[in-house]
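What follows is one structure encoded as structure tokens, with my remarks underneath.
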Amino acid sequence: MALIETHDLTKYYGRHRAVENVNFEVNEGETFGFIGPNGAGKTTTIRILLGLIFPTSGQAKIFGKDCVRDGPQIRKLVGYVPSEVNYYANATVEELLGYFASFYKSVDKTYMKELCARFEIDTKKKFRELSTGNKKKVAVVQALLHRPKLLICDEPTIGLDPIMQNKLLELLEELKAQGVTIFFSSHILNEVQRLCDRFVMIKEGKIIKIESIEALRNKNYKMVRLQLKDRNQLKRVVEKFGPNVKTKDSAIVFEFFGNIDQLMKELSSLSLENVWIEDPSLEDFFMTFYSEVRS
């Protein structure tokens with residue numbers, strides 16, 4: 001069952017295109033990655049899903065409800081972690097969370113306190129006194145205090161130190177195991193690879209690729225790195241493996257698609273000092289695919 005659906009979702013600001021003809025579905029219970037660099041259209045799409053802005057054309061649905069017409073009903077069932085956090089500066093964290101809790105019929109105060117303890121939040125401090133990382137932690141708690149069925153995260157680890165980043169990712173893994181659907185927007189690709197079942201790439205407001213993490217792992221695709229004994233052999237490497245051969249530090253790097261036996265045969269004709277053959281990361285795939293696609 002699709003929990004989120006977009007149909008030709010388009011948003012223009014005057015003549016400026018923010019997103020155009022965005023189409024994807026997020027299934028109930030999955031963690032769905034939404035990836036692209038800053039300015040690609042990720043936050044605009046999320047704001048449309050939440051009913052914070054309206055599309056120029058097209059439609060978005062959550063729980064089968066229209067995100068424009070049924071926004072208030074949808075938001076009662078959704079948790080949202082924004083990329084930038086701005087709450088009432090002079091309120092304490094305790095006051096803020098109490099205020100957020102008042103929006104919902106039922107909030108488990110014990111669970112809220114557990115989350116604050118887990119993320120080491122001082123609830124007596126005023127919001128303006130918090131660091132950027134601590135503000136983001138408050139945003140995580142406010143997004144989860146009503147135990148939402150759908151959690152939408154926009155760059156949720158930005159501002160967190162590495163320990164807290166890992167704590168948040170562990171929590172998201174636990175929520176996924178409990179059946180919570182997670183829409184995870186990020187440009188930190190190892191996080192997407194760790195958490196997500198599927199991901200979509202967006203470039204300059206347009207969807208360019210939808211793929212499952214499992215399918216990516218199963219592609220007959222390798223990252224190859226060579227150190228040549230004789231740098232004059234570089235021309236031969238380019239002839240054998242094509243124009244995607246790049247030099248990086250003291251090594252030669254390229255992507256290989258195809259029969260691994262053929263790869264080994266080709267490499268055996270070279271005079272090598274060292275060789276690495278690895279499965280690609282999502283980052284490798286993203287950089288290769290994204291740079292090749294033209295809008």
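Taking a ≥ b ≥ c as the square roots of the Cα gyration tensor eigenvalues, with a/c under 1.5 meaning rounded and otherwise prolate when a/b beats b/c, else oblate, which class fits the chain?
The shape class here is prolate.
Can you grab the distance from the C-alpha centre of segment 13-31 to the C-alpha centre of segment 192-249, Å, no decimals?
If you average the Cα positions of each part, the centres end up 25 Å apart.
Going through the DSSP H helices of the chain, which span 18 Å or more along their own axis at the Cα atoms while scoring at least -1.0 as a mean Kyte-Doolittle hydropathy?
Going by DSSP H runs, the hits are 132-144, 162-177.
Restricting to bridges with both residues inside segment 55-199, how much of the DSSP beta-bridge set is antiparallel, in percent to the nearest 5? Mind showing how you got there, number by number?
Details: 3 of 12 bridges.
Looking only at bridges with both residues in segment 55-199, the antiparallel portion is about 25 percent.
What order do you get for Tyr80, Tyr221 when you list them from fewest to most C-beta neighbours inside 10 Å?
Listed from fewest to most nearby Cβ atoms, that is Tyr221, Tyr80.
Could you list, in their original order, any pairs among Lys105/Lys209; Lys76/Lys135; Lys109/Lys209; Lys65/Lys222; Lys125/Lys167 whose Cα atoms are separated by more than 31 Å?
Exceeds cut-off: Lys105/Lys209; Lys109/Lys209; Lys65/Lys222.
Where a ≥ b ≥ c are the square roots of the eigenvalues of the C-alpha gyration tensor, would you call segment 123-216 rounded, which needs a/c under 1.5, or, failing that, prolate if a/b is larger than b/c, or oblate? Provide the component values of the computation, followed by the final result.
Details: a/c = 2.09, a/b = 1.65, b/c = 1.27.
Because a/c hits 1.5 or more and a/b exceeds b/c, segment 123-216 counts as prolate.
Figure the gain on full extension for Trp276 and Gln73 (residue separation times 0.36 nm, minus the Cα-Cα span) and round it to one decimal in nm. Mind showing how you got there, number by number?
Numbers: separation 203, 0.36 × 203 = 73.08 nm, distance 5.30 nm.
Using 0.36 nm per residue and subtracting the Cα-Cα distance, I get 67.8 nm.
Please list, ordered by chain and number, the residues whose modelled amide H lies under 5 Å from the amide H of Ile53; skip anything fewer than 5 residues away on the same chain.
Here the answer is Ile48, since their amide H atoms fall under 5 Å of that of Ile53.
For the chain, what is the calculated [θ] at 222 nm in deg cm²/dmol (nearest 500), taking -39500 (n - 2.57) for each run of four or more DSSP H residues and dividing by its residue count?
Helices in the chain give a 222 nm mean residue ellipticity of -10000 deg cm²/dmol.
Bear in mind these aren't lab numbers, they're just calculated from the coordinates by the rules spelled out. Since we're looking at a predicted model, the values are computed, not measured. Counting neighbours? That spans all protein chains shown, and the Cβs are built from the backbone with ideal geometry, glycine included.
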